[in-house]
1. Separation between the residue 288 and residue 309 pseudo-spin-labels, each 7 Å from Cα along Cα→Cβ, expressed in nm?
2. Which lysines, on any chain, are close to residue 111 with Cα under 19 Å apart, when same-chain ones fewer than 8 places away are left out?
3. Where nothing but the Cβ of Lys and Arg (+1) and of Asp and Glu (-1) is charged, how large is the charge dipole of the chain around its Cα centre, in debye to the nearest 20?
4. If I take all pairs of Cα atoms in region 112-225, what percentage of them are more than 18 Å from each other?
5. How big is the accessible area of residue 103 in square angstrom, nearest 10, if you roll a 1.4 angstrom probe over the protein chains?
6. So what are the radius of gyration and Dmax for the Cα set of the chain, in Å?
7. Using the Cα atoms of region 5-119, I'd like the radius of gyration and the largest Cα-Cα distance, Dmax, both in angstrom.
8. Can you sort 131, 13, 324 by 1.4 Å-probe accessible area, starting with the largest?
Amino acid sequence: MNLKVSDFKIPEELEEYKKALVKFAREVLDPLADKIDKEDSVPEKVLPLVRDAGLIALPCPKEYGGMGLSLSQWWPIMEIAGGVGGNIRLIPHNSSAMWKMIYARGTEEQKRKYLLPFVKAEKLASFALTEPDCGSGTDIQTTATKQGDHFILNGRKHLITPRGPLAKPFDFCHVVAYSKDRSLRGKGISMFIVDVDAPGFSWSPMPDFIGLHGYPHLVLNFNNCIVPAENLIGEEGNGLDLALETFLTPSRWSIGISCLGLAQRMLELAIEHSKVRVTFGKTIASRQAIQQILAEMATNIYALRMMIADVGLKLDRGLNPAVEASMCKNFGDKVSRQVSDAALEIYGGIGACSAYPIERLYREARTLWLEEGTPTIHGLIISRDLLSS
Ligand SMILES: Cc1cc2nc3c(=O)[nH]c(=O)nc-3n(C[C@H](O)[C@H](O)[C@H](O)COP(=O)(O)OP(=O)(O)OC[C@H]3O[C@@H](n4cnc5c(N)ncnc54)[C@H](O)[C@@H]3O)c2cc1C
């Protein structure tokens, strides 16, 4: 099957496109995701395949080569990618939010140099906030000191998701660092574009993760790393706000969508299995105990889907649904773990065997749990809002 997004007129034929994408996901992407997981390497054909299927350009702005889908149109497509999981899911997850930082506050030169090739998948980008020796946010230790026409970065990041193999894990990275006095807290943090070949920048692989095999996650080292002043995104001191508004909120929502896709796929697999597995002379689907489990899975998925749709509409209206995005992330985690537990129960013993797709998706649900912040931190964001009035 040779799916090309250019074969469809978006959005009039979006339904048509989605149907073709589901077929493409089951026939081409699922086997590839299994192969990546088992062999722990990503074949070169994956990026062009995913790009040609429209999964990178669809949500990006038209003036930079994208197809300009609204987020309400985009999330059902991201849900399909969430059902594939692994490094394939990561590509559209990454592209759905990563372009916005440069788009919102970048200079025309930054847009030409980084955004245009990013949308065409000619340049790959990562995002680096988390550090090994402190909490994420205003506790970060990485610093950027202005010297003439450049900044000098010092510090370390870890757990950073790469976009390519260890030899060249990305072309550039959005890096968050203190460039002003720490007493300014959030207003002292800035965001920089760091090219992979910047002097003083190096990286090393981290040990294997539960899921997300294919490329190793990274420790990034900034050792008097030289970054041209023109690589500052927006104003000095607006880096944390920029990250929260343009990247972290849509990205947390997108993790919720990934959880939704994964849970929906688990439900489909559990239904299929329950209809063919016969014990004591009957299919397990005919047992009320199994029917109750399926009903609870579907109910949770439905509730999550409604939350995702609501945040999509709010983002499209230009609102800042940061609290709702945290709710989607937290509820998405719960649903994907509950549904993956239930699917494993319905599969019985063979569900734990890697010959069956739920084994990989089950592990994937455990990494989604931690991506883009823990449940406790999202609980703090939600309750801070509740208690502020
Ligand atoms: C698969 C994967 C991919 C990732 N990719 C990236 C990436 O590309 N870029 C990036 O920057 N990061 C990335 N991360 C990091 C991820 O965002 C962090 O792991 C996550 O935000 C939690 O931060 P931490 O690991 O520093 O946990 P910690 O801050 O060490 O937290 C440990 C525990 O303490 C709790 N805790 C911490 N502070 C408080 C507090 N103030 N009050 C109450 N409880 C608290 C937490 O909730 C958690 O339960 C990735 C992580 C994973 C697992």
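The values are calculated or read from the model by the stated rules, or taken from the named source; none is laboratory data. Fair warning: this is a prediction, and the values are worked out from it, not measured in the lab. Here the Cβ positions follow ideal geometry from the backbone for every residue, glycine too, while neighbour counts run over all protein chains shown. Accessible surface areas use protein heavy atoms only, side chains included; no ligands, DNA or RNA. Shrake-Rupley method; radii C 1.70, N 1.55, O 1.52, S 1.80 Å.
1. 3.1 nm
2. List returned: 62, 100, 120, 123.
3. Numbers: 44 positive and 46 negative charges, 93 e Å.
The dipole magnitude comes to about 440 debye.
4. Tail of the P(r) past 18 Å holds 51 percent of the pairs.
5. For residue 103, the solvent-accessible surface is approximately 80 Å².
6. Expressed in Å, the Cα Rg and Dmax of the chain come to 21.2, 79.
7. Looking at region 5-119, its Cα Rg and Dmax stand at 14.4, 42 Å.
8. In descending accessible area the options line up as 13, 324, 131.
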